[in-house]
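Trainee: One structure, pasted below without further comment.
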Amino acid sequence: MSKAKQIKLGTQMSYWERNRLSHGYLLRKSIRKWSISIFRAVLLFGLCFLIVQPLLNKLSVSFMEERDLYDSTIISIPRHFTTENYKLVAELIQYKTALINTAWVSLLSSFLQIVSCTMIGYGFARYKFPFKNFLFACVMLTIIIPPQTIMSSLYLHFQFFDFVDFFGIFKMITGKSITQVSLIGNGVAYFMLAATGMALRSGLYIFMLRQYFRGVPKELEEAAYVDGCGKIRTFIQIMLPDARPMLTSVFLFSLVWQWTDNFYSTLFFRKITLLTDNLGTIPEKLLQRSGTNTPPATAYGQMMTATGMLITIAPLLILYMFAQKGFVESLSQTGIKM
Amino acid sequence: MAENNATPEITRAVNAPKSKRRGSSMAKRNAIAGILWTLPFTIGFIAFMLVPMFESAQMAFSNVTIDIQNHSYVKEWAGLKNFDYILNVDPMYKRQLLESLGNMGLQIVAVLIFSYFVAFLLNQEFKGRAFVRAMFFLPVILSSGILLNLDTNNSLVNSISTLIKESNNAASRVTGVLEDILASGNSQMSDLMQTIFDLVNSVYDIAIASGIQIIIFLSGLQTIPASMYEASKMEGCTGWESFWKITFPMTSSLIIVNVVYSIIDFCTRSDNVVMSQVKAQMLQKMDYGLTSAMAWMYFACIGVIVGLVTFIISKWVYYYE
């Protein structure tokens, strides 16, 4: 800074000048500040690298030829660059059909889930009714109980499902049922679970949405009621528009978890080819394809699995890139509390 | 809720000043509305949770056989036979159960510390924060469902990670020497050190298991009013002190949330040995009685642990009203 300017502005001095006046405090403070931020940057870079590394490894493996795997001089950059792996895997897991199926299954179930969970969460947040606390304890119970506990009986329940004679009273009298249908396989069973707030992690979404609606000031609705707005209309026109960021984030979570889930999908979607169905069996698929009895080399099978995983999560990664705010920010601003 | 009804009640009172019964009917109507809003859950809970739970509890105590002609299944009371089998005959189950619970304890402590630390870092102001946050929540996608399971089994990708780790020679030599010195002292101390080193080595597993926990802690950190820190600074509080006197107590209630979430997440994720064992048994052997017993046993253990941990932690949690 020039001398003339310094005199003109009066208070503006050079950094060292100010440091001298503060008896070295300024220097110490800025050293501390800088060292903290350098330390933080190194740490965060390391952790980020740690998290992304498996993804990068998969990416590099997926472009290699098989002989690159056995070459010990190659670690992560393929020497024989190829896109054959993608073509082969896409064929093995029927990528096109599976992608379309996964997309509509996840979208539909997430939609049903979000509708039901929003309703339920709103009901818990705003109204007082008998057994409310007990019912909410039940929501907590659905979060805590591993789905595997009730899986076997739920499976049988849907295998011999009865729309008309729901609790089996008719069957008990006559000893036989006419209206029984098997809901396993086509996914109807799962959509029923989603619509009643019982699907994958529904309890968590109910909890999150209830927390959210509890934080919304009641005056909003009261004003609407005074103006003669009905309960449902108030909910749709006043509450929902404000809740959009929260709903988006719940929707995104539910979509992503549904997409990669294979617990419910192996149980309830047997007749529908989904992306996660064949991922685990790619080596066996390779064996079938080769037509011989010698199984493919482990490394080769795993290379294909890695490629398959990449194309499975590719749509999710693209979604995450664009909707990253929806995942993170809205949720961290809700203030989840017990 | 009483305050909620206040205004509509007043309007109604203006319209019909004489009827006193209106107030109670408003509460009643609200109660009905509440029941209707939550009706889907009530139906779902009874039909798809309570009934199957009851049945599966029954199955755990019986032999189940499938009757294909009659489109149904037969339960035959067998008492504690299934539990006796899994605890005394099955060579795998008991070992897997204990191992899984032990791992869970260690991992949850590590996840809690890690996620708290990361949340604290991500709550500070710095350049590129949005990007770093996005990176840390990537595991929510990358490690969900089947992907986690496949990842742990994929030795090819894992071996590349080891290669990369080893190529960082200088760093690994330093930690190697450190590990040798610390882990080879007197036995108790070295056991502890070995456990800690194992945890540090599995930092990737911990990082990918703590996506949601970071979000929860972060949300807690963001709700602490800045005025508290200002006041403490005026009183001459150092950063370290204000962490333990303000930040930690204000977020302590979230520790329960996170512990419970971590336990549940650990138990229900797809690479859990006990759960995958249960599923494999069900789909292969079709022995529904046995699998129900296995699942119930596991659930009982988890229920007890969740209850105990919540009880213990809630003793010293601080609630700021």
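Trainee: When residue B:262 is evaluated against the numbered criteria (1) within 11 Å of chain A (Cβ to nearest Cβ); (2) crowded, with 21+ Cβ neighbours inside 10 Å, which criterion, by number, is the only one it fails?
Mentor: (1)
Yes or no, residue by residue, for (1) surrounded by 15 or more Cβ atoms within 10 Å (Cβ to Cβ); (2) closer than 13 Å to residue B:293 by Cβ; (3) of a type in the set (A, V, I, L, M, F, W, C):
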site	(1), (2), (3)
B:83	yes, yes, yes
B:113	no, no, yes
B:123	yes, no, no
B:145	yes, no, no
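Trainee: Related question: Among the listed residues B:120, B:137, B:114, which satisfies the condition of being at pLDDT 80 or above, within 12 Å of chain A (Cβ to nearest Cβ), within 23 Å of residue B:257 (Cβ to Cβ) and in contact with a Ser or Thr (Cβ under 6 Å, 6 or more places away or on another chain)?
Mentor: On the way: B:120 fails: in contact with a Ser or Thr (Cβ under 6 Å, 6 or more places away or on another chain); B:137 fails: in contact with a Ser or Thr (Cβ under 6 Å, 6 or more places away or on another chain).
After ruling out the rest, the residue left standing is B:114.
Trainee: If the requirement is being free of Cβ contacts under 8 Å to residues at least 12 places away in the same chain, within 10 Å of another protein chain (Cβ to nearest Cβ) and not aliphatic (A, V, I, L, M), which of these qualifies: A:294, A:266, A:281? If you could, list the steps in order and put the result at the bottom.
Mentor: Numbers: A:294 fails: within 10 Å of another protein chain (Cβ to nearest Cβ); A:281 fails: within 10 Å of another protein chain (Cβ to nearest Cβ).
Answer to the check: A:266.
Trainee: For region A:250-262, how many residues meet the condition of being among the polar types (S, T, N, Q) and within 7 Å of chain B (Cβ to nearest Cβ)? Working first, answer last.
Mentor: First, the residues of region A:250-262 that are among the polar types (S, T, N, Q): A:254, A:258, A:260, A:262.
Remaining after also requiring within 7 Å of chain B (Cβ to nearest Cβ): A:260, A:262.
Counting residues in region A:250-262 that are among the polar types (S, T, N, Q) and within 7 Å of chain B (Cβ to nearest Cβ) gives 2.
Trainee: Show me the helices (runs of 4 or more DSSP H) entirely contained within region A:183-249 in which 2 or more residues are in contact with a Gly (Cβ under 7 Å, 6 or more places away or on another chain), over 23 Å from residue A:153 (Cα atoms) and more than 10 Å from chain B (Cβ to nearest Cβ).
Mentor: Values: elements: A:188-195, A:202-215, A:219-226, A:231-234.
Counting at least 2 such residues, we get A:202-215.
Trainee: Select from region B:233-255 the residues that are buried (at least 17 other Cβ atoms within 10 Å of the Cβ) and either within 9 Å of chain A (Cβ to nearest Cβ) or in contact (Cβ under 8 Å) with a residue 24 or more places away in the chain (or both) and list them in ascending order.
Mentor: B:247, B:250, B:251, B:252, B:253, B:254, B:255
Trainee: Does residue B:141 satisfy being assigned by TED's automatic domain parsing to the domain that holds residue B:276, β-branched (Val, Ile, Thr), over 16 Å from residue A:61 (Cβ atoms) and free of Cβ contacts under 8 Å to residues at least 24 places away in the same chain?
Mentor: Details: assigned by TED's automatic domain parsing to the domain that holds residue B:276: yes; β-branched (Val, Ile, Thr): yes; over 16 Å from residue A:61 (Cβ atoms): yes; free of Cβ contacts under 8 Å to residues at least 24 places away in the same chain: yes.
Yes; evaluated as a whole, the condition is true for this residue.
Trainee: Right, next: Counting only residues that are touching a helix residue (DSSP H, G or I) at 6+ places or on another chain (Cβ under 7 Å), give me the helices (runs of 4 or more DSSP H) lying completely in region A:11-117 with at least 3 of them. Steps first, answer last, please.
Mentor: Details: elements: A:15-21, A:25-62, A:66-70, A:84-92.
Because the criterion is at least 3 residues that are touching a helix residue (DSSP H, G or I) at 6+ places or on another chain (Cβ under 7 Å), the helices (runs of 4 or more DSSP H) in region A:11-117 that meet it are A:25-62, A:84-92.
Trainee: Restricting the search to region A:307-329, which residues are more than 10 Å from chain B (Cβ to nearest Cβ) and at pLDDT below 75?
Mentor: Result: A:326, single match.
Trainee: The conditions are (1) aliphatic (A, V, I, L, M); (2) at pLDDT below 90; (3) closer than 30 Å to residue A:234 by Cα, and residue A:144 fails exactly one of them. Which is it?
Mentor: Result: residue A:144 passes all but (3).
Trainee: Could you tell me which numbered condition residue B:233 fails, if it satisfies all but one of (1) part of a helix (DSSP H, G or I); (2) within 22 Å of residue B:319 (Cα to Cα)?
Mentor: Residue B:233 satisfies every listed condition except (2).
Trainee: Take region A:80-136 and flag every residue that is surrounded by fewer than 17 Cβ atoms within 10 Å (Cβ to Cβ) and within 30 Å of residue B:28 (Cα to Cα).
Mentor: Across region A:80-136, the qualifying residues are A:115, A:128, A:130, A:131, A:132, A:133, A:134.
Trainee: Here is a follow-up. Would you check if residue B:34 is outside the structural domain of residue B:304 (by TED's automatic domain parsing) and not polar (S, T, N, Q)?
Mentor: Yes, satisfied.
Trainee: May I ask you to verify whether residue B:56 is more than 9 Å from chain A (Cβ to nearest Cβ), surrounded by 19 or more Cβ atoms within 10 Å (Cβ to Cβ) and part of a helix (DSSP H, G or I)?
Mentor: Values: more than 9 Å from chain A (Cβ to nearest Cβ): no; surrounded by 19 or more Cβ atoms within 10 Å (Cβ to Cβ): yes; part of a helix (DSSP H, G or I): yes.
Judged against the criteria, residue B:56 is not a match.
Trainee: Here are some conditions: (1) facing chain A (nearest Cβ under 9 Å); (2) crowded, with 18+ Cβ neighbours inside 10 Å; (3) touching a helix residue (DSSP H, G or I) at 6+ places or on another chain (Cβ under 6 Å). Residue B:317 meets all but one. Which one does it not meet?
Mentor: (2)
Trainee: Follow-up. Hey, any hits in region A:132-144 for a residue that's part of a loop (DSSP other than H, G, I, E, B), facing chain B (nearest Cβ under 7 Å), under 19 Å from the mean Cα position of the chain (by Cα) and under 17 Å from residue B:54 (Cα atoms)? Before you say what the answer is, go through the steps one by one.
Mentor: To start, the set of residues in region A:132-144 that are part of a loop (DSSP other than H, G, I, E, B) comprises none.
Scanning region A:132-144, I find no residue that is part of a loop (DSSP other than H, G, I, E, B), facing chain B (nearest Cβ under 7 Å), under 19 Å from the mean Cα position of the chain (by Cα) and under 17 Å from residue B:54 (Cα atoms), so the answer is no.
Trainee: Restricted to region B:265-291, and to residues that are without any contact (Cβ under 8 Å) to a residue 60 or more places away in the chain and at the interface with another protein chain (Cβ under 9 Å from one of its Cβ atoms), which residue is nearest to the chain's Cα centre (by Cα)?
Mentor: Residue satisfying both the conditions and the ranking: B:268.
Trainee: Checking residue B:271 against (1) at pLDDT below 85; (2) assigned to a helix (DSSP H, G or I), only one condition comes out false. Which one?
Mentor: (2)
Trainee: Something else about it: Select from region A:23-41 the residues that are within 52 Å of the chain's Cα centre (by Cα) and over 16 Å from residue B:126 (Cβ atoms) and write down the one among them that is nearest to the other protein chains (Cβ to nearest Cβ). Give the derivation first.
Mentor: Step one: of region A:23-41, the residues within 52 Å of the chain's Cα centre (by Cα) are A:24-41.
When the remaining residues are screened for being over 16 Å from residue B:126 (Cβ atoms), the result is A:24-29, A:31.
Details: A:24: 19, A:25: 16, A:26: 18, A:27: 19, A:28: 15, A:29: 13, A:31: 16 Å.
Here the residue is A:29.
Trainee: Can you go through B:298, B:261, B:229, B:288 and tell me which one is within 21 Å of residue B:115 (Cβ to Cβ) and either in contact with a strand residue (DSSP E or B) (Cβ under 9 Å, 6 or more places away or on another chain) or not aliphatic (A, V, I, L, M) (or both)?
Mentor: Numbers: B:298 fails: within 21 Å of residue B:115 (Cβ to Cβ); B:229 fails: within 21 Å of residue B:115 (Cβ to Cβ); B:288 fails: within 21 Å of residue B:115 (Cβ to Cβ).
It is B:261.
Trainee: Ok, one more. Within region A:52-79, which residues are under 22 Å from residue A:290 (Cβ atoms) and either surrounded by fewer than 14 Cβ atoms within 10 Å (Cβ to Cβ) or in the same structural domain as residue A:259 (by TED's automatic domain parsing) (or both)?
Mentor: Selection gives A:67, A:70.
The values are calculated or read from the model by the stated rules, or taken from the named source; none is laboratory data. Source: prediction; values computed, not measured. Please note: Cβ atoms are built from the backbone with ideal geometry, for glycine as well, and neighbour counts cover all protein chains shown.
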